[in-house]
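This report concerns only the one structure given below.
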Amino acid sequence: MESQKTPPVFWTKKETSSHLRSSTKTVGRLITNGRIRAFKIGRKVLVYAETVTEENINSIKPKFL
């Protein structure tokens, strides 16, 4: 039987900041520093929810799945 992959979940910067209980500016810095993965579609920035972990944010070298 094949294992079904779940589609990736994306959050906006505002949703990510709400999840982390921080500001959108802090989320922007985390993206710039490579702590969490994100991409732009037009003016909107979408963050890969799976990369928003305490381990990635606090570690020297983040581990992305």
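I need the full set of residues from region 30-48 which are surrounded by 16 or more Cβ atoms within 10 Å (Cβ to Cβ), within 22 Å of PRO7 (Cα to Cα) and aliphatic (A, V, I, L, M), in order please. Break it down stepwise before answering.
Within region 30-48, the first condition is being surrounded by 16 or more Cβ atoms within 10 Å (Cβ to Cβ), and the residues that meet it are 30-31, 35-38, 45-48.
Still in the list and also within 22 Å of PRO7 (Cα to Cα): 31, 35-38, 45-48.
Those that are surrounded by 16 or more Cβ atoms within 10 Å (Cβ to Cβ), within 22 Å of PRO7 (Cα to Cα) and aliphatic (A, V, I, L, M): ILE31, ILE36, ALA38, VAL45, LEU46, VAL47.
Which members of region 1-29 meet the condition of being crowded, with 16+ Cβ neighbours inside 10 Å and not in a helix (DSSP H, G or I)?
PHE10, TRP11 - these are the residues of region 1-29 that are crowded, with 16+ Cβ neighbours inside 10 Å and not in a helix (DSSP H, G or I).
So ILE60 fits all but one of (1) surrounded by 15 or more Cβ atoms within 10 Å (Cβ to Cβ); (2) in a loop (DSSP other than H, G, I, E, B); what number is the exception?
(1)
I'm checking my understanding of the structure. Among residues of region 36-53 that are hydroxyl-bearing (Ser, Thr, Tyr) and not in a helix (DSSP H, G or I), which one is farthest from the chain's Cα centre (by Cα)? Working first, answer last.
Let us first name the residues in region 36-53 that are hydroxyl-bearing (Ser, Thr, Tyr), namely 48, 51, 53.
Applying the additional criterion that residues be not in a helix (DSSP H, G or I) yields 48, 53.
Values: TYR48: 4, THR53: 8 Å.
Of everything passing the filter in region 36-53, THR53 is farthest from the chain's Cα centre (by Cα).
Since LYS13 meets every condition but one in (1) at pLDDT below 95; (2) closer than 21 Å to LYS63 by Cα, which condition does it not meet?
(1)
The values are calculated or read from the model by the stated rules, or taken from the named source; none is laboratory data. Just so it is clear, the structure is predicted and the values come from calculations on it, not from any experiment. Using ideal geometry, Cβ is built from the backbone for each residue, glycine included, and neighbour counts are taken over all protein chains shown.
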